[in-house]
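Everything on this sheet refers to the single structure shown next.
Rule-based calculations on the coordinates, nothing more; no lab input. Just so we're clear, the structure is a prediction, and the values are computed from it rather than from any experiment. Quick reminder, even Gly has a Cβ in these numbers, built from the backbone with ideal geometry, and neighbours come from all protein chains shown.
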Amino acid sequence: MSSTVGILGGAFDPPHDGHVALAREAIRHFGLARLLVRVVADPGHKEVVTPAETRLRLAELAFASIPEAEVSLDPFARTVDSLEALGLDDPVFLIGADELAAFPTWVRPARVLELARLGAATRPGVDLSSLERVVARLSQPDRVELFPITPLDVSSSELRARAAEGSSLDGFVPPSVAAEIERLGLYRAA
């Protein structure tokens, strides 16, 4: 039985089917015993429109169908600080291909690689050679593993726009998330 822990962090504003699919694929690919879904309370790199506690509730609903998932609030804006506080034994930190391309610009990327392996999700159409060049320039390229996921054409920003114009989120977010967004009136145009 694997004891490997995965970590999936994000703003989750809102969490969507792409996040859930990435979680499921990562659990299968890496044989994860646990997946810590960390809702970043105050991401340093992006603006969020929804309070942290609301995003936490949405994430709990989104990942409820995944037994390995443990959803919690991450008080740290930076991945390196979160990983240091968690103190896990060689976890797999999950990111998308776009985040991997920007990884060298993160705060203390070499330290991140000391604390965790990176599992970078790729999808058809991603330029693997450019990602391999990024990985080759890292302090510990052997700590990065690319893994394929089935692409879902969905993003949180697009979903906020859909909700603002009154369009349905069905087929883009788990039904329980769609119901909670509707109940709370989230992302509606002012």
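Pop out the ³J(HN,Hα) list for region 64-75 in order, Karplus 6.51 cos²θ - 1.76 cosθ + 1.60 with θ = phi - 60°, rounded to Hz; leave Gly and Pro as x. Computed from phi, the couplings for region 64-75 are 4, 7, 10, x, 6, 7, 10, 8, 8, 7, 9, x Hz. A cut-off of 5 Å between modelled amide H atoms, ignoring neighbours fewer than 5 places along the same chain, links residue 173 with 17. Amide H to amide H, with H built 1.01 Å from N, residue 121 comes under 5 Å of 95, 96, 97, 147, counting only residues 5 or more places away or on other chains.
So what is the relative contact order of region 1-99, in percent, for Cα pairs below 8 Å that sit 6 or more residues apart? Once normalised by length, the contact order is 37 percent. Residue by residue through region 103-110, what is 3J(HN,Hα) from phi via Karplus (6.51 cos²θ - 1.76 cosθ + 1.60, θ = phi - 60°)? Round to whole Hz and write x for glycine and proline. Karplus values, whole Hz, x for Gly and Pro: 3, x, 8, 5, 5, 6, x, 5. Take 138-151, 78-91 and order them by the average number of nearby Cβ atoms within 10 Å per residue, most first; the result is 78-91, 138-151. Taking every alpha-carbon pair under 8 Å whose residues sit at least 6 apart, the chain reaches a relative contact order of 25 percent. A simple count of charges around residue 153, restricted to other residues whose Cβ falls under 13 Å of its Cβ and scoring Lys, Arg +1 and Asp, Glu -1, yields 0.
Of the peptides 120-129, 36-45, the order by per-residue mean of other Cβ atoms within 10 Å, starting with the highest, comes out as 36-45, 120-129. Along region 91-100 the Karplus relation, 6.51 cos²θ - 1.76 cosθ + 1.60 evaluated at θ = phi - 60°, assigns HN-Hα couplings of x, 10, 8, 8, 9, x, 4, 5, 5, 5 Hz to successive residues, with x for each Gly and Pro.
Contact order for region 127-190, expressed relative to its length and based on alpha carbon pairs under 8 Å spaced 6+ residues apart, stands at 27 percent.
Taking amide H as placed 1.01 Å from N in the peptide plane, the amide H of residue 41 sits under 5 Å from that of 74, 76, each at least 5 places away or on another chain.
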